[in-house]
1. Would you mind finding the one in Gly38, Gly56, Gly104 that is surrounded by fewer than 18 Cβ atoms within 10 Å (Cβ to Cβ) and not charged (D, E, K, R)?
2. How many residues does the range 84-93 hold that are closer than 16 Å to Asp28 by Cβ and open to solvent by 60 Å² or more (accessible area, probe 1.4 Å)?
3. Sort through Ala49, Ala17 and tell me the only one that's hydrophobic (A, V, I, L, M, F, W, C), more than 17 Å from Trp94 (Cα to Cα) and open to solvent by 40 Å² or more (accessible area, probe 1.4 Å).
4. Kindly indicate whether Thr105 is polar (S, T, N, Q), in contact with a strand residue (DSSP E or B) (Cβ under 6 Å, 6 or more places away or on another chain) and farther than 19 Å from Val42 by Cβ.
5. Kindly provide the set of residues from the range 1-56 that are within 20 Å of Val76 (Cα to Cα), of a type in the set (S, T, N, Q), outside any helix (DSSP H, G or I) and in contact with a Ser or Thr (Cβ under 8 Å, 6 or more places away or on another chain), ordered by number.
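The values are calculated or read from the model by the stated rules, or taken from the named source; none is laboratory data. Nothing here was measured: the structure is a model prediction, and the numbers come from that model. We place every Cβ from the backbone using ideal geometry, glycine too, and count neighbours over all the protein chains shown. Heads up: the accessible areas ignore ligands, DNA and RNA and are worked out on the full protein's heavy atoms, side chains in. Shrake-Rupley method; radii C 1.70, N 1.55, O 1.52, S 1.80 Å.
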Amino acid sequence: MAGSDPKKIVSVNKVVAATPQQIFDLLDDPTRHADIDGSGSVQAAQSDAPTRLSLGAKFGMDMKIGAPYKITNEVVEFDEGKRIAWRHFGGHVWRYILEPTDGGTLVTEQFDYNGSKSQLMLRAINAPGRNKKSMIATLDRLAKLFA
């Protein structure tokens, strides 16, 4: 993340009682993303989405914020069992970093809007603050899946 402004990265973390690989296996399967989404916006993976992601893979998701819409993401970071991130046309990145720790895995979720094409709009609608609340809920849902 060289050259990125840390003020444009919203980050939350939680220890989850699972191995990094167990969590990674869930994150790299877009058909499971609705199971952990704390925002309520992720509805389902589109039928042509791969069941296992890799660097450069593209996957479509059915979304809903008020009205339903579709979005295509591209995996831009991929380190098996350790890190995965994807970006859509807006340019911001959703990232998960997994670090083994006592009691399981420290999971860090990040909303990185350094590359966003609409930074002013994101701030105007308080996307960083709203996303932080949703990310906390996402990590809580993730932890419950492995409880």
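1. Details: Gly38 fails: surrounded by fewer than 18 Cβ atoms within 10 Å (Cβ to Cβ); Gly104 fails: surrounded by fewer than 18 Cβ atoms within 10 Å (Cβ to Cβ).
Selected residue: Gly56, the only one of Gly38, Gly56, Gly104 that is surrounded by fewer than 18 Cβ atoms within 10 Å (Cβ to Cβ) and not charged (D, E, K, R).
2. 1
3. On the way: Ala49 fails: open to solvent by 40 Å² or more (accessible area, probe 1.4 Å).
None of the other options fit; the residue is Ala17.
4. yes
5. Hits for the range 1-56 are Ser11, Thr51.
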